[in-house]
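The values are calculated or read from the model by the stated rules, or taken from the named source; none is laboratory data. Keep in mind it's a predicted model, so treat the numbers as computed, not measured. Positions of Cβ are backbone-derived with ideal geometry, glycine not excepted, and every protein chain shown enters the neighbour counts.
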Amino acid sequence: MSALLSVKNLSKEFGGVHAVEDLSFEVEKGRIHSIIGPNGAGKTTLFNLITGLYQPSAGSVHLNGRSLAGHKPHELAPLGMCRTFQNLQICMKMSGLENVMLGRHRHLGQGTPASRLKLPALRRGDRECRQQCAELMEFVGCGQYLNHHASAMPYGALKRLEIARALASEPDILLLDEPAAGLNRTETDALREVIRKIADKGITVVLVEHDMKLVMSISDQVLVLCYGRQLADGTPEQIRANPDVIDAYLGSRKPEEEAIA
């Protein structure tokens, strides 16, 4: 099976320090691929390289066989890639629905002249957009907050709202940067089900996460980083049993103990 996302010999230096060094891996379509590692391992730097926030010092990133070299972040959504960030990027003074509608902007295809004339097609397109975004809010479990200001929504719902907004762009691949950060166990369980449903729809998910219980229960493949380099890449079972991973990241406990911690 050909890879949807292919990273080859990717490196990034900051003042002579390698944040990511000679990293290669592939992500197949429709799978959940997690990236783990201790703080400072280069996980978010890797996401920033893939999504165009940083330009690599060396190496390449290909999406569907197409090089992403030189592409800016806003140019990736039309190519089928979208991401979330560690810190919430929500417009708190807007409603939940309005936030999700921002993610469908590229699909509306309506310029300023049409907006000024208020053509029937524009009104119809707006109704369809609202309906589709409302359905996405239901899909991620935020339907009850449709018309609530984001500032009135609980933190766990805001994390899922951000995922709904990313899904509104209709991506082929969705990159989630620490989506479970700050969530309690109930909220994390709800997030797990959302990620599974996303993958069931055929959308590829690449996940950076510290919650090992979430990672090991949901991933098809796990990439382990240490100081910007690949330490291991395999199934959750292979990662649990890998002695290098246990020593460098999981600690001295037995893998099965770590998996349920």
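The residue that is modelled with the lowest pLDDT, counting only those in region 118-134 that are under 23 Å from residue 91 (Cα atoms) and surrounded by 12 or more Cβ atoms within 10 Å (Cβ to Cβ), is 125. Filter region 46-59 down to residues that are under 20 Å from residue 226 (Cα atoms), polar (S, T, N, Q) and touching a Lys or Arg at 6+ places or on another chain (Cβ under 6 Å), then give me how many there are. Residues flagged as under 20 Å from residue 226 (Cα atoms), polar (S, T, N, Q) and touching a Lys or Arg at 6+ places or on another chain (Cβ under 6 Å) within region 46-59 amount to 1. I need the full set of residues from region 39-48 which are touching a strand residue (DSSP E or B) at 6+ places or on another chain (Cβ under 7 Å) and either outside any helix (DSSP H, G or I) or acidic (Asp, Glu) (or both), in order please. Result: 41, 42. Of all residues in region 204-232, those that are without any contact (Cβ under 8 Å) to a residue 24 or more places away in the chain have Cβ atoms under 6 Å from Cβ atoms of residues that are polar (S, T, N, Q), 6 or more apart or on another chain, in 232/242. For region 15-45, residues that are without any contact (Cβ under 8 Å) to a residue 24 or more places away in the chain and within 14 Å of residue 209 (Cα to Cα) total 1.
Only one entry in 60, 115 is outside any loop (DSSP other than H, G, I, E, B), among the hydroxyl-bearing types (Ser, Thr, Tyr) and modelled with pLDDT of 95 or more, namely 60.
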